[in-house]
Amino acid sequence: MDHDDITRYTLELDICEREGTLGNRRAIDLLRSEFALALNASYFIALSGDDIDVGAVSRSIPQAGVARYVVVLELVERVPAMTDEQADELLRREFQRALNASYFLRVCREDLDVRLVARERVSTQAAELRAA
């Protein structure tokens, strides 16, 4: 990955979990596993032609039956000039494509709600420190 061009996406995923009895660690591991499968199958390629790093993931339960995951993705954007609104729309389409192909179904019972909370360029130095 060319560190000069890394963009960090912070996402919120609201999910009606398939198995709500999983603890935080197991639920997060399952979500990471689904991301890995979807990325290996080239979903989210419209966002980046390079590797996408799934960074920090946290989980909370803001209301009964719904889990909120905060997920950080780092990637080299395919179209860096797009607006935040365009990035959000593209992200939603890519999640829908992955869901249509049955990715993330081990995590959620139905469609998930995805929001792009933040989109920012990451400095070269910060990316290199994180990789070390």
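So here's what we get for this one:
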| quantity | calculated |
| --- | --- |
| Asn24-Glu12 pseudo-label distance in nm [points 7 Å out on the Cα-to-Cβ vector] | 1.8 |
| Fraction of accessible area attributable to carbon and sulfur, the chain (%, probe 1.4 Å) | 48 |
| Among Asp14, Asp29, Asp88, residue whose mean-square fluctuation peaks in a GNM of the chain (springs only between Cα atoms under 10 Å) | Asp29 |
| Computed helical MRE - 222 nm, the chain, DSSP H runs ≥ 4 contributing -39500 (n - 2.57), nearest 500 | -10500 deg cm²/dmol |
| Per residue value of the accessible surface for the chain (all protein chains in place, 1.4 Å probe), Å² | 54 |
| For segment 35-98, convex hull volume per residue from C-alpha positions, Å³ | 100 |
| The chain: radius of gyration over Cα atoms, expressed as a fraction of 2.2 N^0.38 Å | 1.03 |
| Low-density loop cleavage sites - GluC sites (Glu not before Pro) in segment 64-124, where at most 15 other Cβ are within 10 Å (DSSP) | Glu110 |
| Listed residues Leu30, Leu116, Leu91, most fluctuating in the chain (Gaussian network, C-alpha, under 10 Å) | Leu30 |
| Degrees between helix 24-40 axis and first principal axis of the chain (Cα, 0 to 90, nearest 10) | 50 |
| Whole-Hz couplings from phi, Karplus 6.51/-1.76/1.60, listed for segment 49-55; x for Gly and Pro | x, 9, 4, 10, 9, 8, x |
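The values are calculated or read from the model by the stated rules, or taken from the named source; none is laboratory data. Since the structure is predicted, the reported quantities are computational estimates derived from the model, not experimental observations. Quick reminder, even Gly has a Cβ in these numbers, built from the backbone with ideal geometry, and neighbours come from all protein chains shown. Heavy atoms of the whole protein, side chains included, go into the accessibility calculation; ligands, DNA and RNA do not. Shrake-Rupley method; radii C 1.70, N 1.55, O 1.52, S 1.80 Å.
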